[in-house]
Amino acid sequence: MNSHRRKIQSWALFYPEMAMAVKSRDYARLKEILDEIHPVDIADAWEKFAPDEKVLVFKLLKSSKSIEVFEELDVPEQRHILDNIEAAQAGRILDETPSDVKTQLFWKISPRQHKKFMSLMRSEEAEKVRKTLEYPKGTAGFLMNAEMIDLKPDMTIKQALERIQRLSRSRRIENLYAFYVTDDDSNLLGGLTLRRIIALPPDSKVRASMSSVGVITLTPDMPENEVANIFSKYDLTCAPVADGDGRLMGIVVIDDVVDIIQKLNTKEIYEIGKMSSEGGEIISYKTARVFDLVRRRAGWLIFLLAVNFLSGTVLQNFEQALAAVVSLAFFIPMLLDAGGNAGAQTSITIIRGLATGDVDLSNVKKIIRVELGAAFFMAVIVGAAAFMRASLIGEGIFLALTVGLSMSTVIMVAIATGITLPLMSKKLGLDPAVLAGPITTTIVDVIGLIVYFKIAQALLPQLKNL
């Protein structure tokens, strides 16, 4: 590059020049451009190239950058690259790619490709993948990276630093934030951060300076949402994974936990939006087909339609009351909307608390007490507002009282339901986000309508004999 070398801000800045270089087969220029672009930006714009161009671009990447780009690609793109480059290069890519990335790849490919790609790797790397694939998807064992640098308790700090430098040069290590201390049988003894190692005297022993890692040690069968909670609670950048006998098996790093949190948030958003969450897999309009959207949404819509038939049944049973006092119909949408909103506010707060660990079975009584106390005051406030609104239409004090009392009752019922359903679903081992959203709204709608008409029958003279 010449002296006015430009700083890269985004892939889009250089894409036209890259496309021209590809078209004109100016590979020297294309290689220069690729050297300056961040691997993540290259992966983000991968779809802009034709299949054969992708292979060409990948082959022109420097060795270390090709691994970084490969990690960022989706599994179908990784498959395409491995199927279209030389076997020796494919083997090197697979050997040097972190084991957690390889696990995701091998979990999604066909048996034929599984066998082919396994044969390209070194035997020890293939064995790591096989062991990781023994754990169910969504567990710490499936997430963990087997590439790590362990230290021995009798090493000096100087020897520990030399080991870290030597191994990090010879193989790609994702975690250089903290290191775990093991004995000759791989039993986990403690840990040391890189910052601590650098600050210690060179002749001091690792044993004297290591800290306990008991509370942050993950088990291979631990669900990924619990892994995310531990990382959040202890503000971790990495955590060790140990088996039942305390032997160090691998590590989980913050990069993977960020992906988990994003997946869990996506899952919750889709469930709140009444769609099939499919484990938090993001709907991408780049690859989505019509049937994908129908499959995600139609089931929930049919379920909610069937459940909402209950509301129609209630209205049908009180048809005579509506005919006798038509004004009752004016306030039905207001009652149901207010109840749905109150229930949603509460259930979302409880669900978030369950996800973050702020809510658990040990503090349920306090939570119920606080929420019901708040529900009482909110019921009074919102009920008073509904009473005043109903008074304005000039249909008499009894209709206004009916609306006000019904609104207060609906708010109490909605908040009680918003508390109960998430806690009950958690107790039963069900997903609170799935159960609480649609069911809370439906229960509040049905009970709200029954309460409204029963209060109306009790207070309105026109309905006394119905």
Test Gly91 against the stated conditions and say whether it is in contact with an Asp or Glu (Cβ under 7 Å, 6 or more places away or on another chain), modelled with pLDDT of 90 or more and in a helix (DSSP H, G or I). no
### Message
Going by what's in this entry, would Leu13 be described as free of Cβ contacts under 8 Å to residues at least 12 places away in the same chain and either closer than 29 Å to Ile109 by Cα or among the aliphatic types (A, V, I, L, M) (or both)?
### Response
yes
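Residue by residue, here is whether (1) of a type in the set (D, E, K, R); (2) surrounded by 12 or more Cβ atoms within 10 Å (Cβ to Cβ); (3) more than 34 Å from the chain's Cα centre (by Cα); (4) modelled with pLDDT under 85 holds:
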residue: Met1; (1), (2), (3), (4): no, no, yes, yes
residue: His4; (1), (2), (3), (4): no, no, yes, yes
residue: Ser10; (1), (2), (3), (4): no, yes, no, yes
residue: Lys23; (1), (2), (3), (4): yes, no, yes, yes
residue: Pro51; (1), (2), (3), (4): no, no, no, no
residue: Lys54; (1), (2), (3), (4): yes, yes, no, no
residue: Gln78; (1), (2), (3), (4): no, yes, no, no
residue: Asn84; (1), (2), (3), (4): no, yes, no, no
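Please find, among Asp150, Asp154, the residue that is modelled with pLDDT of 90 or more, of a type in the set (Asp, Glu) and surrounded by 14 or more Cβ atoms within 10 Å (Cβ to Cβ). Give the derivation first.
On the way: Asp154 fails: surrounded by 14 or more Cβ atoms within 10 Å (Cβ to Cβ).
None of the other options fit; the residue is Asp150.
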Out of (1) more than 29 Å from the chain's Cα centre (by Cα); (2) under 22 Å from His38 (Cα atoms), the one Arg122 does not meet is (2)
How many residues of the stretch 108-137 are within 20 Å of Glu96 (Cβ to Cβ), of a type in the set (Ser, Thr, Tyr) and surrounded by 15 or more Cβ atoms within 10 Å (Cβ to Cβ)? The answer is 1
In the stretch 125-143, residues that are under 19 Å from the mean Cα position of the chain (by Cα) and either β-branched (Val, Ile, Thr) or assigned to a helix (DSSP H, G or I) (or both) total 5
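Considering every residue within the stretch 250-266, establish whether at least one is in a loop (DSSP other than H, G, I, E, B), modelled with pLDDT under 80 and β-branched (Val, Ile, Thr).
Taking the stretch 250-266 first, the residues in a loop (DSSP other than H, G, I, E, B) are none.
No, because not a single residue in the stretch 250-266 is in a loop (DSSP other than H, G, I, E, B), modelled with pLDDT under 80 and β-branched (Val, Ile, Thr).
Residue-wise test of (1) more than 16 Å from Thr97 (Cβ to Cβ); (2) in the same structural domain as Glu96 (by TED's automatic domain parsing); (3) of a type outside the set (Ser, Thr, Tyr).
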residue: Arg25; (1), (2), (3): yes, yes, yes
residue: Ala28; (1), (2), (3): yes, yes, yes
residue: Lys31; (1), (2), (3): yes, yes, yes
residue: Ala50; (1), (2), (3): yes, yes, yes
residue: Glu53; (1), (2), (3): yes, yes, yes
residue: Phe58; (1), (2), (3): no, yes, yes
residue: Ser63; (1), (2), (3): no, yes, no
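Anything in the stretch 115-147 that is among the polar types (S, T, N, Q) and at pLDDT below 90? List them, or say none.
Taking the stretch 115-147 as the starting set, the residues that turn out to be among the polar types (S, T, N, Q) are 119, 123, 132, 139, 145.
Within the stretch 115-147, Thr132, Asn145 meet the criteria.
Considering only residues that are over 24 Å from Glu17 (Cβ atoms) and in a helix (DSSP H, G or I), which ones fall in the stretch 57-79?
Initially, the stretch 57-79 is screened for residues over 24 Å from Glu17 (Cβ atoms), giving 67, 71, 74-76, 78-79.
Residues satisfying the conditions are Ile67, Glu71, Val75, Pro76, Gln78, Arg79.
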With criteria (1) free of Cβ contacts under 8 Å to residues at least 40 places away in the same chain; (2) surrounded by 14 or more Cβ atoms within 10 Å (Cβ to Cβ), Ala140 comes up short on (1)
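Counting residues that are modelled with pLDDT of 85 or more and surrounded by fewer than 20 Cβ atoms within 10 Å (Cβ to Cβ), which helices (runs of 4 or more DSSP H) fully inside the stretch 316-424 reach at least 1? So that I can check it myself, show each step before the final result.
On the way: elements: 319-324, 332-356, 364-391.
By residue number, 332-356, 364-391.
The values are calculated or read from the model by the stated rules, or taken from the named source; none is laboratory data. Owing to the predicted nature of the structure, the values given are computational and were not obtained by experimental measurement. Here the Cβ is made from the backbone with ideal geometry for all residues, glycine too, and neighbour counts use every protein chain on show.
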